[in-house]
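Colleague: Sharing a structure here in structure tokens format.
The values are calculated or read from the model by the stated rules, or taken from the named source; none is laboratory data. In this text the structure is predicted, and so the values were computed from the model without any measurement. All Cβ positions, glycine included, derive from the backbone under ideal geometry; neighbour counts span all protein chains shown.
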Amino acid sequence: MHPSKKLLTIASAAVLGMALSLPAYAQTNSESLGPAFANLEQKADTQESDSVLSKTTYTKGKSLGIFTTSGYCACSSCSGTNTLTYSGTVPQADHTISADLTVLPLGTKVFIGDIVYTVEDMGSGVDGNLIDIFYATHEDAWNHGLQEQEVFLAE
Ligand SMILES: [Zn+2]
């Protein structure tokens, strides 16, 4: 369980959320799927290995509606003492998202922009149509700000 600090992060991002027009950091972070990704494969279903090739192996399915997206990282202010996701995986940029599990159950794969993310995490401040996107650095998470994005099922 994540501490309520995440809620503070989201609130802070709302106050300073002026990065609405920034493009996704998809391309610049793709190299970060390095050694840690091997750990991910051991802990998750074998289908997780598809995520690296998500752009070619998944197609956009039905719209799940408009979600408010925010960013978080592995730092103590975003994730407290948690080093693994709620589902026990190593969080990965361009892969891991935190969601309200009653809205998007663990393992759900969704398109946000052109990236396929997998619901691997949850947080006390992540409720309803809110998705927290994992970033490799706090700066990237901060730069995400708060965005209104249409989310599609990946299939
Ligand atoms: Zn952080």
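Colleague: Hey, among Thr83, Thr96, Thr68, which residue is surrounded by fewer than 23 Cβ atoms within 10 Å (Cβ to Cβ) and closer than 18 Å to Phe152 by Cβ?
Modeller: Numbers: Thr83 fails: closer than 18 Å to Phe152 by Cβ; Thr96 fails: surrounded by fewer than 23 Cβ atoms within 10 Å (Cβ to Cβ).
Being surrounded by fewer than 23 Cβ atoms within 10 Å (Cβ to Cβ) and closer than 18 Å to Phe152 by Cβ holds for just one of Thr83, Thr96, Thr68, which is Thr68.
Colleague: Now for a separate question. For region 115-147, which positions are hydrophobic (A, V, I, L, M, F, W, C), over 22 Å from Lys60 (Cα atoms) and outside any helix (DSSP H, G or I)?
Modeller: To start, the set of residues in region 115-147 that are hydrophobic (A, V, I, L, M, F, W, C) comprises 115-116, 119, 122, 126, 130-131, 133-134, 136, 141-142, 146.
Remaining after also requiring over 22 Å from Lys60 (Cα atoms): 122, 126, 136, 141-142, 146.
Listed by number, the residues that qualify are Met122, Val126, Ala136, Leu146.
Colleague: A further question on this structure: Please go through region 55-85 and give me each residue that is over 22 Å from Leu146 (Cβ atoms), hydroxyl-bearing (Ser, Thr, Tyr) and touching an Asp or Glu at 6+ places or on another chain (Cβ under 8 Å), ordered by number.
Modeller: Thr57, Tyr58, Thr59
Colleague: Somewhere in region 105-112, is a residue of a type outside the set (Phe, Trp, Tyr), part of a strand (DSSP E or B) and either free of Cβ contacts under 8 Å to residues at least 40 places away in the same chain or surrounded by fewer than 18 Cβ atoms within 10 Å (Cβ to Cβ) (or both)? Reasoning before the result, please.
Modeller: Going through region 105-112, the residues of a type outside the set (Phe, Trp, Tyr) turn out to be 105-110, 112.
The next check asks that each one be part of a strand (DSSP E or B); those that pass are 109-110, 112.
Next, from what is left, pick out any that are either free of Cβ contacts under 8 Å to residues at least 40 places away in the same chain or surrounded by fewer than 18 Cβ atoms within 10 Å (Cβ to Cβ) (or both): none.
Checked against the condition, which is being of a type outside the set (Phe, Trp, Tyr), part of a strand (DSSP E or B) and either free of Cβ contacts under 8 Å to residues at least 40 places away in the same chain or surrounded by fewer than 18 Cβ atoms within 10 Å (Cβ to Cβ) (or both), region 105-112 yields no hits at all.
Colleague: Which residue pairs have Cβ atoms closer than 7 Å, lie 6 or more positions apart in sequence or on different chains, and pair a first residue in region 79-93 that is over 12 Å from Thr118 (Cα atoms) with a second residue that is within 13 Å of the ligand (Cβ to nearest atom) and modelled with pLDDT of 95 or more?
Modeller: Ser79/Tyr72; Thr83/Ala74
Colleague: If you take the residues in region 133-149 that are charged (D, E, K, R) and touching a residue at least 12 places away in the same chain (Cβ under 8 Å), which one is surrounded by the fewest Cβ atoms within 10 Å (Cβ to Cβ)?
Modeller: The first filter runs over region 133-149 and keeps only residues charged (D, E, K, R), leaving 139-140, 148.
With the extra rule that they be touching a residue at least 12 places away in the same chain (Cβ under 8 Å), the set shrinks to 140, 148.
Values: Asp140: 20, Glu148: 10.
Filtering first and then ranking leaves Glu148.
Colleague: Let me ask something else about it. Only one of (1) within 16 Å of the ligand (Cβ to nearest atom); (2) under 19 Å from Tyr58 (Cα atoms) fails for Cys75. Which number is that?
Modeller: So Cys75 meets the others, but not (2).
Colleague: OK, next. Being within 13 Å of the ligand (Cβ to nearest atom) and farther than 20 Å from Tyr58 by Cα is the filter here; which residues of region 84-97 pass it?
Modeller: Correct list: Pro91 only.
Colleague: Another one. What are the residues in region 96-128 that are of a type in the set (S, T, N, Q) and more than 10 Å from the chain's Cα centre (by Cα), if any?
Modeller: Passing the criteria: Thr102, Thr108, Ser124.
Colleague: Something else: Return the residue satisfying two criteria in turn: it lies in region 71-80 and is more than 12 Å from the chain's Cα centre (by Cα) and buried (at least 18 other Cβ atoms within 10 Å of the Cβ), and of such residues it is nearest to Ala141 (Cα to Cα). Spell out the reasoning first.
Modeller: Residues of region 71-80 more than 12 Å from the chain's Cα centre (by Cα): 75-80.
Next, from what is left, pick out any that are buried (at least 18 other Cβ atoms within 10 Å of the Cβ): 78-79.
Numbers: Cys78: 9, Ser79: 12 Å.
Per the criteria, the residue is Cys78.
Colleague: For region 100-155, enumerate the residues that are under 18 Å from Gly88 (Cα atoms), of a type in the set (Gly, Ala, Ser) and either touching a Phe, Trp or Tyr at 6+ places or on another chain (Cβ under 7 Å) or within 15 Å of the ligand (Cβ to nearest atom) (or both).
Modeller: Gly123, Ala136 - these are the residues of region 100-155 that are under 18 Å from Gly88 (Cα atoms), of a type in the set (Gly, Ala, Ser) and either touching a Phe, Trp or Tyr at 6+ places or on another chain (Cβ under 7 Å) or within 15 Å of the ligand (Cβ to nearest atom) (or both).
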